[in-house]
Amino acid sequence: MKNLLLGLVTILMFSINLAAQKSSKPARLFQKGQTDVQIGYGLLTTAVIVDHANAKMPPLTVKVDRMFSDNFSLGLSYTHSIHEAEPIIVPDGIFQRVTNNTRQIALRPTFHFTHLKNLDFYGGALLGVNIQKFSVDQGGFDYIQRHMGIKPKRNTFAYSAFIGGRYAINKRWTAFGEIGFSAALLSVGIGYKI
């Protein structure tokens, strides 16, 4: 999965680079009225850092942001990740690995500093819900539920803060990097102005 995603990003960046070479680079300001769709990849996954879990699928995020003024946007994001914990021994004598399949849906009110050509620095909050499904690779879920307090399904409130920046590659395409405290501490990706 990781190799496929990296391959697609490489091809996309190569095609953007070819398009950028065909015409001179225009100056672009991020401004009121524009809508951007972004796809991001989580590099520093919080489950790996905090829980020492293995990332079966690192966080992948799709975001849509609408600029309501030159300095404020409201966005909606969807993130999906799958992590597998280190094995534990249950009383039956078997090793169980808990897998956490998480989907996050969130609103993202964001404040921007957009007075530089081709650059946008921003910060904001993330408010939403985590939809989590837990499973084990062997045996039943009883021990995990009774002794660790983990239910097979749960929804939790998600909130976080983030800061980031994006760079306009051309009139439509952007590259971004973001630091936050959500599914990943560091995310990178690309965006497209609709």
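The values are calculated or read from the model by the stated rules, or taken from the named source; none is laboratory data. Since the structure is predicted, the reported quantities are computational estimates derived from the model, not experimental observations. FYI the Cβ positions are ideal-geometry reconstructions off the backbone, even for glycines, and counts take in every protein chain you see.
Data table
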quantity: Set 114, 110, 174: member being hydroxyl-bearing (Ser, Thr, Tyr) and in contact with a Lys or Arg (Cβ under 6 Å, 6 or more places away or on another chain); calculated: 174
quantity: Search result, residues across the stretch 40-62 that are over 12 Å from the mean Cα position of the chain (by Cα) and either buried (at least 17 other Cβ atoms within 10 Å of the Cβ) or hydrophobic (A, V, I, L, M, F, W, C) (or both); calculated: 47, 48, 49, 50, 53, 55
quantity: Hey, residue 65 surrounded by 19 or more Cβ atoms within 10 Å (Cβ to Cβ), touching a residue at least 12 places away in the same chain (Cβ under 8 Å) and not β-branched (Val, Ile, Thr) or not; calculated: yes
quantity: Condition check for residue 151: charged (D, E, K, R) and assigned to a strand (DSSP E or B); calculated: no
quantity: Whichever residue in the stretch 13-72 is in a helix (DSSP H, G or I) and touching a His at 6+ places or on another chain (Cβ under 8 Å) and, among such residues, is modelled with the highest pLDDT; calculated: 47
quantity: Top-ranked residue of the stretch 78-92 - restricted to ones that are assigned to a strand (DSSP E or B) and in contact with an Asp or Glu (Cβ under 9 Å, 6 or more places away or on another chain), ranked as nearest to residue 132 (Cα to Cα); calculated: 83
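Yes/no per residue for (1) touching a strand residue (DSSP E or B) at 6+ places or on another chain (Cβ under 8 Å); (2) loosely packed, with under 13 Cβ neighbours inside 10 Å; (3) in a strand (DSSP E or B); (4) not hydroxyl-bearing (Ser, Thr, Tyr):
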| position | (1), (2), (3), (4) |
| --- | --- |
| 75 | yes, no, yes, yes |
| 101 | yes, no, yes, yes |
| 111 | yes, no, yes, yes |
| 114 | yes, no, yes, no |
| 126 | yes, no, yes, yes |
| 138 | yes, yes, no, yes |
| 144 | yes, no, no, yes |
